[in-house]
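Chemist: This is the structure I want to talk about, given as structure tokens.
The values are calculated or read from the model by the stated rules, or taken from the named source; none is laboratory data. In this text, all values refer to a predicted model and were calculated from it rather than measured experimentally. Here the Cβ is made from the backbone with ideal geometry for all residues, glycine too, and neighbour counts use every protein chain on show. Just so you know, the surface numbers come from the protein's heavy atoms only, side chains and all, with ligands and any DNA or RNA stripped out. Shrake-Rupley method; radii C 1.70, N 1.55, O 1.52, S 1.80 Å.
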Amino acid sequence: MKFGFATLPFLAMFAFTATAQTPPTDYTTPEGAAFIHQQIKNQILSFKQEGDADFIYFTAILGWRCGMRELFYGVNGEPAVIQFPLEPCYREFRDPNSFDGTNTWPFFIKVPTGSVQTVTLRAIYEDGTSATFTSERAKNLVR
């Protein structure tokens with residue numbers, strides 16, 4: 001079969017639509033959480049230097065925690081085996097990923113300034129699947 005020049009735009013359009021991922025409609029499911037985490041993977045953590053300490057904020061991933069069963073982290077190339085506590089998903093409310101406002105659930109870790117250059121996260125979803133993300137201090141340092 002021979003394709004002419006005029007057929008290339010059509011084939012390119014078909015290839016794009018055939019491989020494009022359709023966003024889920026429910027972000028409280030494992031599929032929904034995994035989709036969002038892939039979208040924010042380059043900014044999944046934030047690093048903020050304050051004096052002799054760095055605060056590593058997990059806020060972005062925690063803001064989309066529904067659908068996750070567990071979250072683990074490791075620093076500077078170590079495996080992600082330290083468990084980070086997750087506030088429950090409030091599925092009975094309009095915004096199930098909201099925070100309860102009691103500050104009982106952590107949303108950051110504090111380390112000596114510059115001691116952590118990378119953090120690896122491993123999200124375990126409710127269906128048993130998992131995803132791993134690595135965040136670099138140099139690329140995610142905020143004021």
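Chemist: Take Arg137 and decide whether it is touching a residue at least 24 places away in the same chain (Cβ under 8 Å), surrounded by 10 or more Cβ atoms within 10 Å (Cβ to Cβ) and over 18 Å from Ala34 (Cα atoms).
Modeler: So Arg137 fits the description; yes.
Chemist: Could you please let me know if Gln38 is open to solvent by 60 Å² or more (accessible area, probe 1.4 Å), under 22 Å from Thr22 (Cα atoms) and outside any loop (DSSP other than H, G, I, E, B)?
Modeler: yes
Chemist: State all residues of segment 68-84 that are surrounded by 14 or more Cβ atoms within 10 Å (Cβ to Cβ), more than 12 Å from the chain's Cα centre (by Cα) and either more than 12 Å from Val119 (Cα to Cα) or among the basic types (Lys, Arg) (or both); if no residue qualifies, say none.
Modeler: Those that are surrounded by 14 or more Cβ atoms within 10 Å (Cβ to Cβ), more than 12 Å from the chain's Cα centre (by Cα) and either more than 12 Å from Val119 (Cα to Cα) or among the basic types (Lys, Arg) (or both): Arg69, Glu70, Phe84.
Chemist: Being modelled with pLDDT of 95 or more and not hydroxyl-bearing (Ser, Thr, Tyr) is true for just one of Ala12, Ala34. Which residue is that?
Modeler: Ala34
Chemist: Is it the case, given these coordinates, that Thr102 is of a type in the set (Val, Ile, Thr), free of Cβ contacts under 8 Å to residues at least 24 places away in the same chain, open to solvent by 80 Å² or more (accessible area, probe 1.4 Å) and assigned to a loop (DSSP other than H, G, I, E, B)?
Modeler: Yes; evaluated as a whole, the condition is true for this residue.
Chemist: Would you mind telling me which numbered condition in (1) free of Cβ contacts under 8 Å to residues at least 40 places away in the same chain; (2) more than 21 Å from Tyr27 (Cβ to Cβ); (3) among the hydrophobic types (A, V, I, L, M, F, W, C) Val111 fails?
Modeler: (1)
Chemist: Yes or no: Trp64 within 16 Å of Ala34 (Cβ to Cβ), of a type outside the set (D, E, K, R) and open to solvent by 80 Å² or more (accessible area, probe 1.4 Å)?
Modeler: Against the criterion (within 16 Å of Ala34 (Cβ to Cβ), of a type outside the set (D, E, K, R) and open to solvent by 80 Å² or more (accessible area, probe 1.4 Å)), Trp64 qualifies.
Chemist: Hey, Pro88 hits all of (1) assigned to a loop (DSSP other than H, G, I, E, B); (2) touching a Ser or Thr at 6+ places or on another chain (Cβ under 7 Å); (3) not charged (D, E, K, R) but one; which does it fall short on?
Modeler: All conditions pass for Pro88, except number (2).
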